[in-house]
1. Please get the size of the charge dipole for the range 174-287, origin at its Cα centre, with Cβ charges of +1 on Lys and Arg and -1 on Asp and Glu, quoted in debye to the nearest 20.
2. Which parts of the range 127-166 would a label at Val206 reach, counting a residue when its backbone N lies under 11 Å from a point 7 Å out along Cα-to-Cβ?
3. Between Phe207, Phe35, Phe239, which gets the highest mean-square fluctuation from a Gaussian network model of the chain, Cα cutoff 10 Å?
4. Translational diffusion coefficient, Stokes-Einstein: compute it for the chain using the Kirkwood radius over C-alpha pairs as Rh, at 37 °C and 0.692 mPa s, and state it as an integer in µm² s⁻¹.
5. What accessible area per residue, rounded to a whole number of Å², is obtained for the range 1-156 using a probe radius of 1.4 Å?
6. Just how large is the dipole of the chain about the Cα centre, in debye to the nearest 20, putting +1 at every Lys and Arg Cβ and -1 at every Asp and Glu Cβ?
7. Using only Cα atoms, find the angle between the long axis of helix 47-58 and the longest principal axis of the chain, and express it within 0 to 90 degrees, rounded to the nearest 10.
8. Can you work out the FRET efficiency for the pair Leu224 and Phe125, with r the C-beta to C-beta distance and R0 = 30 Å, to the nearest 0.05?
Amino acid sequence: MTTASPPLIGSLDTWLMDIRPAPGLTGIRRFAVEFLFFGLKEARACLFAGLFFVSIFIVPREGVLGLPRYDVLLVIALSIQFSMIRLGLETWDEFRAICLFHIVGFALEVFKTSGAIQSWSYPDFAYTKLFGVPMFSGFMYAAVGSYIIQAWRILQVRILHHPPYWMAALVALLIYANFFTHHFIGDYRWYIAALAIGLYARSTVVFRPYDRDRKMPMLLAFILIGFFIWLAENISTFFAVWQYPDQIGAWSTVHLGKWSSWTLLVIMTFTIVVSLKHIRESIHIPR
């Protein structure tokens, strides 16, 4: 059981979702209105991610009041997360799923930053570093899950022709395993990507930006979300929140190949989200 949404956000959600049919809206005016409302709904769905990443950009590198930057970011992330639960913006079931994203992401961070791998690093000191990884880092993965959960409701998402859950779960496990094993037995991401393409080829996202349902191939949705995460990663590395080896001397754009990694991570995250009971009700699996 959750509390009701706060008046301001509750009113905003009602305004965004309770839209009367507008059959007279046509042509370029319809496109403009639907595009505007789609942007507004996306921004609302990014509430956790937006607040968290704004914090990443505005918290000074030297920290606040003697508290190191990474520790300040952890306090902010926890405050945002528990505020969303207290205000009824996320349920406890959704929170448990987000905790899983945090654990999965943090475990990956520990491996990738270890001395034997050193894919990237967190250069600054923090009291809340564990195995060399600041504990706020898991919230970056949780932010992706929070966005998908919020967008599902705000955009009234439905999925047509979703693959059987066991197949989707298997691909998600392969994606996660490859993030670890490619350092030892080769990178099989493109084989896994080909498997995912075949699995989701017929899957369609139905969403409502304004007063009518619109459709998008599921694979295109994965790719677009992965692209925007890649952009956010570029901004984060520019502010030296973390660094890749080729960015230590001077900042450079994150390799475009990371886009594919983020897209695969989105597929894995999406698979965890669809395990939520209330979300499964809006998913169609062909028999």
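1. Magnitude of the dipole: close to 540 debye.
2. 157-161
3. Among Phe207, Phe35, Phe239, the largest mean-square fluctuation in the Gaussian network model of the chain belongs to Phe35.
4. Answer, rounded: 162 µm²/s.
5. Heavy-atom SASA per residue in the range 1-156 reads 50 Å².
6. Magnitude of the dipole: close to 800 debye.
7. Once rounded, one gets 40 degrees.
8. 0.25
The values are calculated or read from the model by the stated rules, or taken from the named source; none is laboratory data. Treat the numbers as computed from the prediction; the structure is a model and nothing was measured. Backbone-built Cβ (ideal geometry, glycine too); neighbour counts: all protein chains shown. We work out accessible area using only protein heavy atoms, side chains counted, and drop any ligands, DNA or RNA first. Shrake-Rupley method; radii C 1.70, N 1.55, O 1.52, S 1.80 Å.
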